[in-house]
Amino acid sequence: MSISYNNITVRIHLDRIRANYELLSRKASAPIGVIKSDAYGHGLVPVAGTLAAAGARTLAVGTVGEALKLRKGGFNGRIIALLGALSSEEACSCRIGRIVPFVFSLQHLRMLSDAASADAPISVALKFDTGMARLGFCEEDIAGLLQALPGLPGIKVAIVASHFAVSDEPEKEDFTREQHETFLRITGALRSAGLTFEATIANSAAMLAYPETHHELQRPGIAIYGANPLHGTPNEHMGSGLCPAMDVGTPILQVHALPKGRSISYGRTFVALRDMRVAITSVGYADAFSRGLSNRGVMMVNGQRAPIVGRVCMQMTAVDVTDIPHVSSGDTAWILGGPGECPVTPEELAAAWGTITYEAFCLLGLNPKTFE
């Protein structure tokens, strides 16, 4: 006899992840698979294996800890840690694990140099801020950086990187092009000084919409998981063919009548305007299904759409199944994806949630996963 301790199942279609990566590989020369934060909730090691089988030779994670987990999981290619080495211990791990950390300050470069050795240098990716205003060297730092590098033994500059802020917003194209012009000046100055490296700035949206920004390496993230970064914009067609890889389902606990005039769930925020039937599903905010979805959004039940009614509770959410026949306890309600002609898309769920597909994937992916 087996006992289930979880009331929600996240199903990951690895074949779709591979197909998405292969589609992106036809659009650019060397896409790095970005699998930070547990592959956006899709499962770090299984997704890494899928991308490696599809031809990925470089993968990017968030932390050095994730990089080490990936090494232990069997990936032998190049691993980039996007947050870099945050301690001397992590710097040593970069040397031992052949991890390429992003570097955004001279302090971090010195720490990595101290951890490196003549027979075990550390390859680094220099991160430059071209308009995001988060982490990175500035264009004005180039002279000081070039002066410091010869005095930092064991450091090999392998990659120079930056990141776009609005490449998924066509109406802000001028800023994207301004960022790219800054990046071109930076890489030009570094190469003129004798550095040899691969350049990367293109994210998923730029891979699709700005081929001139591809350089030697590209960094697709959200597109690998089947969400279109250009959804809802005039450039939406550029992301056609991407297929969402995550389905999320939950059991229906009970189906019962809700007479006209009766309310349901906490706060009485929904009152039936007609005689209804509701299904009580086994999912709530404890399962990373946001309370903000109360009286918003839909689930798929028996291939049809069932609107959420009332407040989302800790482990239960009600949906309206009045017009859906043959719904019973034990059926599955699909929060995301699932069977049927009109599944709930990542973009639709995120819009109802008041967030973005990235957050929806990462949060729902905290639940137990199965891989297909």
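A few remarks follow.
- Accessible surface of the chain [probe 1.4 Å, protein heavy atoms]: carbon and sulfur percent: 53
- Potential lengthening of the chain between N76 and Q254 amounts to 59.2 nm, from the contour at 0.36 nm per residue minus the alpha-carbon distance.
- For the chain, size of Cβ-based charge dipole, Lys and Arg +1, Asp and Glu -1, in debye: 860
- Ratio Rg/Rh, restricted to segment 183-238 and using Cα atoms, in which Rh is the Kirkwood radius: 1.11
- Each principal axis of the Cα cloud of the chain was evaluated for its coordinate range; sorted largest first, these ranges are 78, 51, 37 Å.
- Base-10 log of normalised Debye intensity for segment 134-188 (one unit scatterer per alpha-carbon) at q = 0.15, 0.28 Å⁻¹: -0.54, -1.23
- Segment 1-66 gives an Rg/Rh value of 1.08, both radii derived from C-alpha positions and Rh following Kirkwood.
- Which listed pairs, of K72/K369; K127/K156; K27/K72, have C-alpha distances above 24 Å, in listed order: K27/K72
- Distance between the 7 Å Cα→Cβ label points at Y266 and K69: 3.0 nm.
- Proximal charge balance of T370 [Cβ under 11 Å; K/R count +1, D/E count -1]: 0
- Segment 1-110: mean projected area of Cα convex hull, nm²: 9.3
- A DSSP coil position with no more than 11 other Cβ atoms inside 10 Å describes the following trypsin sites (Lys or Arg not before Pro) in segment 1-66: R26.
- Highest mean packing first, where packing is the average number of other Cβ atoms within 10 Å per residue, the peptides 43-56, 145-158 line up as 43-56, 145-158.
- Contact order, relative form, for segment 195-329: 17 percent (alpha carbon pairs under 8 Å, 6 or more residues apart, mean separation divided by residue count).
- FRET efficiency estimate (nearest 0.05) - Cβ-Cβ, F371 to D323, R0 41 angstrom: 0.75
- Net charge of Cβ neighbours under 14 Å - reference N295; Lys, Arg +1; Asp, Glu -1: +3
- Fraction of antiparallel bridges per DSSP, the chain only, in percent to nearest 5: 55
- Surrounding net charge for A115, when Lys and Arg each add one and Asp and Glu each subtract one, Cβ distance under 14 Å: 0
- Once the 1.4 Å probe is applied to the protein heavy atoms, the chain comes out at 44 Å² accessible per residue.
- Working from Cα pairs under 8 Å separated by at least six residues, relative contact order for the chain is 18 percent.
- Reduced Cα scattering model of segment 239-349, Debye log10 I(q)/I(0), q = 0.21 Å⁻¹: -1.12
- Separation of the R98 and K27 label points, Cα + 7 Å toward Cβ, nm: 3.1
- Pairs of Cα atoms nearer than 8 Å and 6+ residues apart set the relative contact order; for segment 140-234 it is 28 percent.
- When peptides 324-332, 125-133 are sorted by average Cβ neighbour count within 10 Å, with the highest value leading, the order is 125-133, 324-332.
The values are calculated or read from the model by the stated rules, or taken from the named source; none is laboratory data. No experiment lies behind these values; they were computed from the predicted model shown. Cβ atoms come from the backbone with ideal geometry, glycine included; neighbour counts cover every protein chain shown. Surface accessibility is based on the protein's heavy atoms, side chains included, excluding ligands, DNA and RNA. Shrake-Rupley method; radii C 1.70, N 1.55, O 1.52, S 1.80 Å.
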